1. Taking only the alpha-carbon atoms of the chain, what semi-axes of the equivalent ellipsoid follow from 5 times the gyration tensor eigenvalues under a square root, in whole Å, largest first?
2. Put 200, 67 in order of accessible area, largest first, 1.4 Å probe: what do you get?
3. Can you work out the Karplus-derived ³J(HN,Hα) for every residue in region 254-259? Use 6.51 cos²θ - 1.76 cosθ + 1.60 with θ = phi - 60°, whole Hz, and x for glycine or proline.
4. Determine the share of region 243-330's accessible area contributed by carbon and sulfur atoms, expressed in whole percent, with a 1.4 angstrom probe.
5. Which entries of 162/302; 40/174; 104/275; 104/272; 138/302 show an alpha-carbon separation above 31 angstrom in the structure shown?
6. Mind checking the per residue accessible area of region 153-301 for me, 1.4 Å probe, whole number of Å²?
Amino acid sequence: MSLAFLHSHDCTEAHNDAVWGVAWTQSDTAVSISADGSIKQWTSSTGQPYSIPNSNESDFQVPPPHTLGLVSLSVSQDGRFALYNSLEGLTSLWDLTNGEIVGKFESYVRSGEDAEPSWCVSLNPNGSTYASSGASGKLSIHSTEPGNFGQRLATISPGRNKFGMYCSYSPDGKRVALSSETGQIFIIDVESNSLLNSFTSHAMSVRSLAWSPDCSLLLSASEDKRLVLHDVRASLGSGGGAVATFSGHSSWVLSVDISPDGRLGLSGSADKTIKVWDIAARAAVSTVQDTGEVWSVSWRPKPPAVGTAGAFVSGGEDGVVRWWRSAGGGG
C-alpha cells in the first residue's frame, strides 16, 4: 500500500524560531509551541490565528511570549485545555476557549525533597492531573485544581537515575509512559503508583511516545533513527514488549503519533522528512519532504472521511505550522 499526502496550507503567521511542539485538538484547532517562547492556537481549516466564535474581538488573546523556549505541550481530550512547559520549568495551563491562563506552577522553586524543575509534561485526558519528569528521571503527578495547581500528589521512581525526556498519559488516564535520555521506556500505573514494565528497545534518547487509541500499544521515536512498537500488556520482567521496529529515517526521529483509528503511525525527523507507517504491514507508506528538521507531528483526532487516510499537522525548524491531507479527500 502507498499513500499520498498533500500540503494543504501553512499558518499565516510563523513563529520566530523552531516549533518544538504541535497538537491538533478535538475542537479542530491546532496549538503550537516554539523555541521563541510563544504558544499559539490556529484554526486548522485556514491556518489563521484562532478567534472566539461569535465574538467582536478580531484576535484571540494568547499568552505573551516567555523569555525562554517552550519545550513540552499536551492538550486535554476534549480540546479545551493546553498544558505547556518552558525550558527552565514553568508549567502553565491555558484555557483554549477563552484565552485565560488558569494555572501556573514554578517547578524550579525547591519546595520539598522530590521537587525538581519539570522538563516534560503530560495532561491527564480528563484534565484532573498532569504528569511531569526532569533531571532525576522520576515521574511526578500534580494537581490541576484551581488554587492547588502544580501541587505534587505522588512521585514514582522507575529505579533508574536517568533524565526524563518525554512522558505521555494513556488515553484512559490509567498509565503514563516515560522515556529517558539513555533509551529506556517505563510504563507506570498512576492508580497504584507502581512500575508496570520497562523496555530497553533503543540505544539512544527516546524523544517522543504515542499510545494507540485502545491503550494496548506504544510507539516510540528515538535518536537511534528508529521507531519501535511495544505491546504494553507484556508483564514486567517477561522480556516481551517490542513487537516491531520501523527503520527508514536517516537521522534522529524527533516526534511520533498514531492515527485515531490505530492503523497508521506518523513520524517527524531531523532528516527533514515526515513518514507515514502502516502499523500492521510494518512499513512506510508515504514520505513527505519538509524544509527543515520536523520537531513535532499530530494526527487530526477525528476519524478520517471514508476513502481517505485523514490529515495531520506538523511543526519544525523554520517556525511554520503546516497542515497535510491525504490525497482523494479533504482534511
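1. Output for the chain: semi-axes of 27, 26, 17 Å.
2. Sorted descending by solvent-accessible area, the residues read 67, 200.
3. 9, 8, 8, 7, 10, 5
4. 50 percent
5. From the list (162/302; 40/174; 104/275; 104/272; 138/302), the Cα-Cα distance tops 31 Å for 162/302; 104/275; 104/272; 138/302.
6. Accessible area per residue, region 153-301: 37 Å².
The values are calculated or read from the model by the stated rules, or taken from the named source; none is laboratory data. In this text, all values refer to a predicted model and were calculated from it rather than measured experimentally. Please note that ligands, DNA and RNA were not included when accessible areas were found on the heavy atoms of the full protein model with its side chains. Shrake-Rupley method; radii C 1.70, N 1.55, O 1.52, S 1.80 Å.
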